[in-house]
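Trainee: Take a look at the following structure, please.
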């Protein structure tokens, strides 16, 4: 049987298409999931634009997508914990060995054998996907499919805030970038009880307004004020305890360094441009003994935490969905020019 899938077909900028491919076949330890929604991540956009590791080129053609939700339509003979009809999402890291130190500490992303769906193996921008039972998580009844497709980015934010650093209620935290990840990081920072400053561009006014609704204590338009000066005023000229850099823009990385207090911590979540980042302010970071914590992906243990916090309403994702497109309209989705866009979802 054939199904529709959105695939990166060739190396270079572009070469994206909605094509027919064979449906995946369930094996003894996997479940077959009918995809309901799949989100477009910033990394998907980078892939479409031609960004890929020089030493590990993508195995093209490959189906994109790793933020998804769906319904189980078939289970393998050895599957014990799921049944047909279950509403689910899934961890996106596959093929890890389960024996190395990274796997044993639930950091499967760092296993040398692991593969990430959506670029190293076929992803979820397709009508169906098969996943190993141990990677699949049930969605509570009060989490919609639209929200369920955002569990993975919620995990990214949860990992950065809850697992990579230790934020206290007395801390002042800056979030650079008001996209989906920035808005999720904001909610986790507020869940820790800290004071939060959200920074975005004036073209992101709707996102900043949503950030205020989601709990930001201060919002600033980066291109209309001296945000470093504003942060210094708020912190009594000490600087922020933590700065989460969620944009990947050189100017924001530089600003993050210049607004962080001595011995403070910068958490970098974003992927920079294909040409790389040219930052000249790292000397200032060195001289003030700042910590720079890079955060990528999540651990296996992040998923239950994220789903629980979504289910209890402490983390909200419904408001982040701004656009929905069918697979056939992939080009409109990937090139959406609406300045009010936040999270774009694709569906079969």
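The values are calculated or read from the model by the stated rules, or taken from the named source; none is laboratory data. Remember, it's a predicted structure, so these values are computed and weren't measured experimentally. Reconstructed Cβ throughout: ideal geometry from the backbone, glycine too, with neighbour counts over all protein chains shown.
Trainee: Check 267, 231, 227 and return the single one that is modelled with pLDDT of 95 or more, closer than 25 Å to residue 45 by Cα, surrounded by 17 or more Cβ atoms within 10 Å (Cβ to Cβ) and touching a strand residue (DSSP E or B) at 6+ places or on another chain (Cβ under 9 Å).
Mentor: Working: 231 fails: closer than 25 Å to residue 45 by Cα; 227 fails: closer than 25 Å to residue 45 by Cα.
After applying the criteria, what remains is 267.
Trainee: Run residue 33 past the list (1) assigned to a loop (DSSP other than H, G, I, E, B); (2) under 24 Å from residue 73 (Cα atoms) and report the number of the one that doesn't hold.
Mentor: Every condition holds for residue 33 apart from (1).
Trainee: Please go through segment 234-252 and pick out each residue that is more than 18 Å from residue 180 (Cα to Cα) and in contact with a strand residue (DSSP E or B) (Cβ under 9 Å, 6 or more places away or on another chain).
Mentor: Selection gives 234, 235, 238, 239, 240, 241, 242.
Trainee: Determine whether residue 166 is touching a residue at least 12 places away in the same chain (Cβ under 8 Å) and either surrounded by fewer than 22 Cβ atoms within 10 Å (Cβ to Cβ) or closer than 30 Å to residue 25 by Cβ (or both).
Mentor: no
Trainee: Which condition does residue 306 not pass, out of (1) assigned to a helix (DSSP H, G or I); (2) not assigned by TED's automatic domain parsing to the domain that holds residue 37, if it passes all the others?
Mentor: If we test residue 306 against (1) assigned to a helix (DSSP H, G or I); (2) not assigned by TED's automatic domain parsing to the domain that holds residue 37, just (2) comes out false.
Trainee: Among the residues of segment 138-150, which ones are buried (at least 19 other Cβ atoms within 10 Å of the Cβ) and touching a helix residue (DSSP H, G or I) at 6+ places or on another chain (Cβ under 6 Å)?
Mentor: Within segment 138-150, 139, 143, 147 qualify.
Trainee: Does at least one position in segment 98-116 carry a residue that is modelled with pLDDT of 95 or more, in contact with a strand residue (DSSP E or B) (Cβ under 7 Å, 6 or more places away or on another chain) and part of a loop (DSSP other than H, G, I, E, B)?
Mentor: No; the residues of segment 98-116 include none that is modelled with pLDDT of 95 or more, in contact with a strand residue (DSSP E or B) (Cβ under 7 Å, 6 or more places away or on another chain) and part of a loop (DSSP other than H, G, I, E, B).
Trainee: Do the conditions hold for residue 14, that is, is it in contact with a helix residue (DSSP H, G or I) (Cβ under 8 Å, 6 or more places away or on another chain), in contact (Cβ under 8 Å) with a residue 12 or more places away in the chain and either loosely packed, with under 15 Cβ neighbours inside 10 Å or not in a strand (DSSP E or B) (or both)?
Mentor: Against the criterion (in contact with a helix residue (DSSP H, G or I) (Cβ under 8 Å, 6 or more places away or on another chain), in contact (Cβ under 8 Å) with a residue 12 or more places away in the chain and either loosely packed, with under 15 Cβ neighbours inside 10 Å or not in a strand (DSSP E or B) (or both)), residue 14 qualifies.
Trainee: I would also like to ask the following. Any idea which residue in segment 123-137 is surrounded by the fewest Cβ atoms within 10 Å (Cβ to Cβ), counting only those that are over 18 Å from the mean Cα position of the chain (by Cα) and not in a strand (DSSP E or B)? Working first, answer last.
Mentor: Let us first name the residues in segment 123-137 that are over 18 Å from the mean Cα position of the chain (by Cα), namely 126-134.
Next cut, not in a strand (DSSP E or B) only: 127, 133-134.
Values: 127: 21, 133: 17, 134: 13.
Filtering first and then ranking leaves 134.
Trainee: From 136, 199, 174, which residue is farther than 14 Å from residue 315 by Cα and assigned by TED's automatic domain parsing to the domain that holds residue 75?
Mentor: 136
Trainee: Let me ask something additional. Would you say residue 168 is in a helix (DSSP H, G or I) and more than 14 Å from residue 309 (Cβ to Cβ)?
Mentor: no
Trainee: Determine which member of the set 161, 108, 154, 173 is in contact (Cβ under 8 Å) with a residue 24 or more places away in the chain, over 25 Å from residue 253 (Cα atoms), in contact with a helix residue (DSSP H, G or I) (Cβ under 8 Å, 6 or more places away or on another chain) and buried (at least 24 other Cβ atoms within 10 Å of the Cβ). So that I can check it myself, show each step before the final result.
Mentor: Working: 161 fails: over 25 Å from residue 253 (Cα atoms); 154 fails: over 25 Å from residue 253 (Cα atoms); 173 fails: over 25 Å from residue 253 (Cα atoms).
Result of the check over 161, 108, 154, 173: 108.
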